[in-house]
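J.: One structure follows; several queries about it will come next.
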Amino acid sequence: MKIVSAEFVKSAFERSHWPTDGRAEIAFLGRSNVGKSSLLNSLLQRRALARTSNTPGRTQSINLFLVNESFYFVDLPGYGYAKVSKSMKEDWGKMAGDYLADREELALCIQLVDSRHKPSKLDLQLHEWLVFNQKNHIVVATKSDKLSSNDLRKQLRLIEKEMAGSKVISYSSQTGKGRDLVWAEIARSLS
Ligand code: GTP
Ligand code: MG
């Protein structure tokens, strides 16, 4: 896909902030620090459109980016970061959960997992939820540049086994490896 324009639109803290223009939405989901904002920037080839950080839990609102004036990228807050307060954790559940459950504009959920690790309990719970609710989704295994090609192959097999039935694509936001495959899935979901 040729990126003609990409702009930050707003941070949504509640349902009333969600867009009302009916454009399709592509959501990025995964635990804190897994690389959601980095993936979004890498796909759009913009270095710092979405804020990335070494401090997990950075993105705490639903952040919306308009791409080519035609669809939205939706950067959801990360889950599973132990140091955020209890009410913050409940808020994640409610805010992101409401969005995922109710959003008709949602064309594709991109669930991120760290390619170096076995999917966590929360990763598997979310995945099960996506499958059970028949959400159109793919799994992207991030930070692939941190593994040797041999270890990456092993890890991908493990992730495919744990998240059976779902398409798994490995990605590096550092090198852009995997970009064409992910864009192909996004384009398919929009057509
Ligand atoms: P929250 O907003 O806190 O939920 O985190 P996030 O999922 O948006 O993660 P973010 O994109 O901020 O990345 C977290 C850290 O991982 C940053 O230091 C990134 O530079 C690093 N990172 C993300 N993707 C990659 C990757 O593909 N390769 C490498 N080497 N580092 C990455
Ligand atoms: Mg982020």
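The values are calculated or read from the model by the stated rules, or taken from the named source; none is laboratory data. Because the structure is a prediction, the values reported are computed rather than measured. Positions of Cβ are generated from backbone atoms using ideal geometry, with glycine treated the same way; all protein chains shown enter the neighbour counts. For accessibility, only protein heavy atoms count, side chains too; no ligands or nucleic acids. Shrake-Rupley method; radii C 1.70, N 1.55, O 1.52, S 1.80 Å.
J.: Return the residue satisfying two criteria in turn: it lies in region 136-171 and is polar (S, T, N, Q) and closer than 16 Å to residue 27 by Cβ, and of such residues it is surrounded by the fewest Cβ atoms within 10 Å (Cβ to Cβ). Give the steps one after another, and end with the answer.
T.: Residues of region 136-171 polar (S, T, N, Q): 136, 142, 144, 148-150, 155, 166, 170.
Narrowing the set further to residues that are closer than 16 Å to residue 27 by Cβ leaves 136, 142, 166.
Numbers: 136: 13, 142: 25, 166: 15.
Top of the filtered list is 136.
J.: Hey, another quick one. Report the residue count in region 105-124 for those that are open to solvent by less than 40 Å² (accessible area, probe 1.4 Å) and in a helix (DSSP H, G or I). Lay out the reasoning, then the answer.
T.: Initial filter on region 105-124 (open to solvent by less than 40 Å² (accessible area, probe 1.4 Å)): 106-115, 119, 123.
So of that shortlist, the ones also in a helix (DSSP H, G or I) come out as 123.
Residues flagged as open to solvent by less than 40 Å² (accessible area, probe 1.4 Å) and in a helix (DSSP H, G or I) within region 105-124 amount to 1.
J.: Just the residues that are among the β-branched types (Val, Ile, Thr) and more than 23 Å from residue 41 (Cβ to Cβ), please, taken from region 121-150. Please lay out each step first, then the result.
T.: Of all residues in region 121-150, those among the β-branched types (Val, Ile, Thr) come to 131, 138-140, 142.
Scanning region 121-150 gives a single hit, 131.
J.: Just name the residue that is surrounded by the fewest Cβ atoms within 10 Å (Cβ to Cβ) out of those in region 68-84 that are at pLDDT 95 or above and not hydroxyl-bearing (Ser, Thr, Tyr). Don't jump to the end; show me each part of the working.
T.: The first filter runs over region 68-84 and keeps only residues at pLDDT 95 or above, leaving 68-74.
With the extra rule that they be not hydroxyl-bearing (Ser, Thr, Tyr), the set shrinks to 68-69, 71, 73-74.
On the way: 68: 12, 69: 10, 71: 19, 73: 26, 74: 26.
The qualifying residue surrounded by the fewest Cβ atoms within 10 Å (Cβ to Cβ) is 69.
J.: If you don't mind, another one. Specify the residue that is nearest to ligand 1 (Cβ to nearest atom); the eligible residues are those in region 8-45 that are open to solvent by less than 80 Å² (accessible area, probe 1.4 Å), over 14 Å from the mean Cα position of the chain (by Cα) and not hydrophobic (A, V, I, L, M, F, W, C).
T.: In the first step, residues of region 8-45 are kept if they are open to solvent by less than 80 Å² (accessible area, probe 1.4 Å); the result is 9-12, 17-19, 21-44.
Within this subset, residues satisfying the condition of being over 14 Å from the mean Cα position of the chain (by Cα) are 9-12, 17-19, 21-24.
Then drop every residue that is not not hydrophobic (A, V, I, L, M, F, W, C), which leaves 10-11, 17, 19, 21-23.
Details: 10: 16, 11: 12, 17: 18, 19: 20, 21: 25, 22: 27, 23: 22 Å.
Ranking the qualifying residues of region 8-45, first place goes to 11.
J.: Within region 127-171, how many residues are assigned to a loop (DSSP other than H, G, I, E, B) and in contact (Cβ under 8 Å) with a residue 24 or more places away in the chain?
T.: Here is the first cut: in region 127-171, the ones assigned to a loop (DSSP other than H, G, I, E, B) are 133-136, 143, 147-148, 163-167, 171.
Subset that is in contact (Cβ under 8 Å) with a residue 24 or more places away in the chain: 133, 135-136, 143, 147, 163, 165-167, 171.
Of the residues in that region, 10 qualify.
J.: Also, quick follow-up: What pairs can you find where one residue is in region 1-28 and under 30 Å from residue 114 (Cα atoms) and touching a residue at least 60 places away in the same chain (Cβ under 8 Å), the other is surrounded by 14 or more Cβ atoms within 10 Å (Cβ to Cβ) and of a type outside the set (A, V, I, L, M, F, W, C), and their Cβ atoms are less than 6 Å apart, with a gap of 6+ or different chains?
T.: So the pair list comes out as 6/46; 13/61; 23/72; 24/105; 25/72; 25/105; 28/36; 28/75.
J.: Identify, from the list 37, 16, 42, 87, the residue that is in a helix (DSSP H, G or I), modelled with pLDDT of 95 or more and small (Gly, Ala, Ser).
T.: Details: 37 fails: modelled with pLDDT of 95 or more; 16 fails: modelled with pLDDT of 95 or more; 87 fails: modelled with pLDDT of 95 or more.
Exactly one of 37, 16, 42, 87 is in a helix (DSSP H, G or I), modelled with pLDDT of 95 or more and small (Gly, Ala, Ser), namely 42.
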